[in-house]
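Structure first, then comments.
Read-outs: derived from the displayed coordinates by stated rules, not from any lab. None of the values given here were measured: they were computed from a predicted structure. In this analysis, Cβ positions are derived from the backbone assuming ideal geometry, glycine residues included, and neighbour counts consider all displayed protein chains.
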Ligand SMILES: Nc1ncnc2c1ncn2[C@@H]1O[C@H](COP(=O)(O)OP(=O)(O)OP(=O)(O)O)[C@@H](O)[C@H]1O
Ligand SMILES: [Mg+2]
């Protein structure tokens, strides 16, 4: 659906690239994730794709055609939830959505139902300037659904939200995918990426260092581990053993043969561990 080929972006318009020769494809109806630490270039990429930053170098194709960033039709088809809440502070939450709805042609969603979906129904008539950070974030998220977008861009949709609210937002995202929406999601949260994304691109210093399904990334780059708790000479011993090294598999076998195992479970690598393996840095740095 969306193809990006050899995309670059330099804020200083020189050879210093915030986005440095990235290529990827987003398939129709998938949740495609961009995972990377702060400063990796996630928001920059999103901003280029939605036409908010100038398109300097590289190709961006939508259904095989070069994207026309000035097209009104295109704006009607996309929804964007920004990282920073850019709402009208003097308008209420409801008024913000009503105002936004007027910008679109065609059927728009009911503002109050959207506010209800994100848990802001009771705050609908409160000025956005009086909203908390998390409430503003949910308002921007709700607003991005107003035009029932076919392509939905979400920049850190759950960062800083409490677990219950974050899980509500995640289930809305999954629901929208079921309804056929194509979703581009950027995050530095590996759990969000793992839980939601069909495929994930690891972004580091403006470059894609890996791109696959979370499962394949783990199978390809992660080590399978088994953690075992067992009794040895009257004491409880805890060990984590690699399942890809013959000597530790042998050791696990020996422990099991003695029959003193209390618990045993397999452990898979997390996306963060794989990210560190590939880039030498963590996602929260
Ligand atoms: N308006 C700007 N002017 C100049 N440089 C910028 C601007 N916005 C971002 N950058 C630089 O571009 C690089 C990528 O930034 P970007 O905001 O895309 O990162 P990000 O992956 O979204 O990070 P975060 O997780 O912190 O949101 C960084 O080095 C940043 O300093
Ligand atoms: Mg960002």
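Taking 0.36 nm per residue of separation and subtracting the current Cα-Cα distance, fully stretching the chain between residue 251 and residue 1 would add 85.1 nm. In this simple spin-label model, placing a label point 7 Å from the Cα along the Cα-to-Cβ direction at both residue 268 and residue 84 gives a separation of 3.7 nm.
Of the peptides 45-51, 161-167, the ranking by mean beta-carbon count within 10 Å, highest at the top, reads 45-51, 161-167. Rounded to two decimals, the Cα radius of gyration of segment 180-261 over 2.2 N^0.38 Å is 1.61.
State the three equivalent ellipsoid semi-axes of segment 1-98, derived from the C-alpha gyration tensor as the square roots of 5 times its eigenvalues, in descending order and whole Å. If you can, show how the numbers build up before the last one.
Details: eigenvalues 125, 66, 38 Å².
Gyration-tensor ellipsoid for segment 1-98: 25, 18, 14 Å.
Put simply, when 175-186, 244-255 are sorted by average Cβ atoms within 10 angstrom per residue, most first, you get 175-186, 244-255.
Mean separation of Cα pairs under 8 Å and 6 or more residues apart, divided by the residue count, gives the chain a relative contact order of 22 percent.
All C-alpha pair distances within segment 223-267, sorted into 10 Å bins from zero, spread as 31, 58, 11, 0 percent across the bins. When you count the other C-beta atoms within 10 angstrom of each residue and take the mean per peptide, 195-207, 231-243 line up highest first as 195-207, 231-243. Pop the C-beta distance of residue 242 and residue 198 into the FRET formula with R0 = 35 Å and round what comes out to the nearest 0.05. Once rounded, the FRET efficiency stands at 0.75. Each Cα pair of the chain feeds into the Kirkwood radius, which the Stokes-Einstein equation turns, at 10 °C and 1.306 mPa s, into a diffusion coefficient of 76 µm²/s.
With a Förster radius of 45 Å applied to the C-beta separation of residue 216 and residue 175, the computed FRET efficiency comes to 0.95. Under 19 Å from the 7 Å Cα→Cβ point of residue 65, by amide nitrogen: which residues of segment 1-29? It comes to 1-5, 26-29, nothing else.
With contributions of -39500 (n - 2.57) from each DSSP H run of at least four residues, the per-residue ellipticity at 222 nm computed over the chain stands at -9500 deg cm²/dmol. Between the Cα long axis of helix 163-178 and the first principal axis of the chain there is an angle of about 70°, rounded to the nearest 10.
One quarter of the surface of the convex hull around the alpha-carbon atoms of segment 10-56 equals 3.8 nm², the direction-averaged projected area.
Segment 99-158: percent of C-alpha pairs farther apart than 19 Å? Roughly 28 percent, rounded to a whole number.
What is the distance in Å between the Cα centres of segment 133-202 and segment 27-106? Each part's Cα centre sits 13 Å from the other's.
Counting each pair of different Cα atoms once, what's the Kirkwood radius of segment 95-235 in Å, rounded to one decimal?
One over the average 1/r among Cα pairs gives 17.6 Å for segment 95-235.
Relative contact order of segment 223-267, please, whole-number percent, based on alpha carbon pairs below 8 angstrom and at least 6 residues apart. The normalised contact order for segment 223-267 reaches 50 percent.
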